[in-house]
Every structure is written in C-alpha cells, then in structure tokens.
Amino acid sequence: AQSVTQLDSQVPVFEEAPVELRCNYSSSVSVYLFWYVQYPNQGLQLLLKYLSGSTLVKGINGFEAEFNKSQTSFHLRKPSVHISDTAEYFCAVTESPGGSYIPTFGRGTSLIVHP
Amino acid sequence: DVKVTQSSRYLVKRTGEKVFLECVQDMDHENMFWYRQDPGLGLRLIYFSYDVKMKEKGDIPEGYSVSREKKERFSLILESASTNQTSMYLCASSFGTSGSYNEQFFGPGTRLTVL
C-alpha cells in the first residue's frame, strides 16, 4: 500500500515570492507522481506528472517539481507566484509499472497568495 | 477540448430523499470514479468503474451505490440522503485499466447539501 503526505495544510505567501509545496510518499514499489490544482469552485486539473527520466518536471503556469527517490519526495515549486495561483494543490501517486491505476491522494495544501 | 460534466453544480435535498448525481465524459475513457471532498480530509474514493456494468467499492462506499449502463456515463446514487453526506462530490475519468501513468480528468463538482 502507498501513502502520500502533504506536510503543510496551508501555505500563505506574498505575490511575486517563491513557493514550495511539499509532498512525501511511501510505497514498497516504484511509483508515478502527479500534482493537481483545484481553483475555487472547480474540479481538479493536472499540473504536471513524473513518469520516468529527468527528475525535474515542468508543468503548466510556471510550476515545476523535482522527484527525489532517496528522500521519497516530489516537491512542487514556483519561483514567483501570482494572485491567480491561489488554489488547493494535491499530490498523488500510482504504482508503476502496470500497477493499480487508482491514485492515492494527499490531503491537499491550500496556497494563499496575498497582494 | 476534453470534458467531464456533472449534472448539477449545487444541489439541496432533504434527509431521506433519494439523490442521483450524474457524470458524463466525452473522452471514451474506460475508468470512471466518484470522490467526495471534505475540508481537511482531501479526496476520498467512493466507487469506481473500469467498464460498463462493472463497479468496485472504494474507501467509503457505505450509503452510496453506482450505476454504469453506458461507457460515457457514471451515476452516483444516495439511496436515503443523510446530513453527513453533505459534501462536494467529484467525478473523474481516466484512460485504460493498465495505464497507471494516465492522469485523471475531473468534472467541476457537485456541492450537495442535505437538510
């Protein structure tokens, strides 16, 4: 079984500041990793995913994440946030390869960007 | 543009009523999912389906049932709504039963209030 821990339930930050949202996972097998974003009153949408290859993954809206196998982490970063980045962010994992396609989600991190 | 649509954005029902939540996807995806989302608890899987007429229980199936008569449509049924089922309900779909690398596509959600 796998689990996902998002270490911060809420991250307040000022506009144009850098931000890091932390995600750690636990699994006995290899995993695929995902970050989703949920804007207010909307469903989730994919920000980026790591399947294999380069450990630095670039996503939409200027976000990137780095896969660190030794630390079992997949932290999400953005060098300069905007007010419009205010949203809930979810980290998720599935088992690879050929494992269960049912993702395990973290509990989410609320990013609050202040002007 | 790929889409997952849900029949209602907001729904108010009375305790004991039978409630139907409908979800339709236009991507010819095999897999469909129903989650509920509550503050601090993240996403919890209620039921999922990997094919027409097939269904599997998720983590919290009690008080819910589902129906998948057509590939594109997945319905969630609350047989007798209770106040503790007040929540945001999210439908999702994904491609392929062997593709744990495939991301989920989410609908906009239905916010259900049971009075």
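With +1 on each Lys and Arg Cβ and -1 on each Asp and Glu Cβ, how big is the dipole of the protein assembly as shown about its Cα centre, in debye rounded to the nearest 20?
Dipole about the Cα centre, nearest 20: 420 debye.
Once the other residues with Cβ under 12 Å from the Cβ of A:Ser30 are scored (Lys, Arg +1; Asp, Glu -1), what is the net sum?
Neighbour charge sum, excluding A:Ser30 itself: 0.
Just to be sure I understand: if you take the accessible area of chain B alone plus chain A alone and subtract the pair, with a 1.4 Å probe, what total do you get in Å², rounded to 100?
So the total buried area for this chain pair works out to about 1900 Å².
Non-local amide H neighbours of A:Ser100 (under 5 Å, H modeled in plane, Pro and chain starts lacking H): which ones?
A:Glu95
Can you list the HN-Hα couplings for the stretch A:81-87, worked out from phi with the Karplus curve (6.51, -1.76, 1.60; θ = phi - 60°), rounded to whole Hz and with x for Gly and Pro?
For the stretch A:81-87, the Karplus-derived couplings read 8, 10, 3, 5, 7, 4, 5 Hz, x marking Gly and Pro.
Across the stretch A:31-44, in residue order, what do the Karplus-derived ³J(HN,Hα) couplings come to in whole Hz, using 6.51 cos²θ - 1.76 cosθ + 1.60 with θ = phi - 60° and x for Gly and Pro?
Coupling constants for the stretch A:31-44: 10, 9, 10, 9, 10, 10, 10, 10, 6, x, 6, 10, x, 7 Hz.
From Cα pairs below 8 angstrom and at least 6 apart in sequence, can you work out the relative contact order of the stretch B:29-115, rounded to a whole percent?
29
Express the carbon and sulfur contribution to the solvent-accessible surface of chain A as a percent, rounded to the nearest whole number, probe 1.4 angstrom.
50
Just to check I understand the Karplus step: with θ = phi - 60° and J = 6.51 cos²θ - 1.76 cosθ + 1.60, what whole-Hz values come out for the stretch A:57-73, glycine and proline as x?
10, 9, x, 7, 6, x, 7, 9, 9, 10, 8, 10, 5, 5, 9, 6, 10
Highest mean first, what order results for A:77-90, A:45-58 on Cβ atoms within 10 Å?
A:77-90, A:45-58
Provide a whole-number value for the mean count of partner chain Cβ atoms within 10 Å of the Cβ atoms in peptide B:41-50.
Across B:41-50, the average partner-chain Cβ count within 10 Å equals 3.
Counting DSSP beta bridges with both partners in the protein assembly as shown, what percentage is antiparallel, nearest 5?
Approximately 90 percent, going by the DSSP bridge assignments.
Rounded to the nearest angstrom and ordered from largest down, what semi-axes does the equivalent ellipsoid of chain A get from its C-alpha gyration tensor (root of 5λ)?
Its equivalent ellipsoid spans semi-axes of 24, 14, 12 Å.
Tally up the carbon and sulfur contribution to the accessible surface of the stretch B:4-91 as a whole percent, 1.4 Å probe, everything protein left in place.
C and S atoms contribute 49 percent here.
The values are calculated or read from the model by the stated rules, or taken from the named source; none is laboratory data. In this text, all values refer to a predicted model and were calculated from it rather than measured experimentally. Reconstructed Cβ throughout: ideal geometry from the backbone, glycine too, with neighbour counts over all protein chains shown. Areas reflect the complete protein model, heavy atoms only, side chains present, ligands, DNA and RNA absent. Shrake-Rupley method; radii C 1.70, N 1.55, O 1.52, S 1.80 Å.
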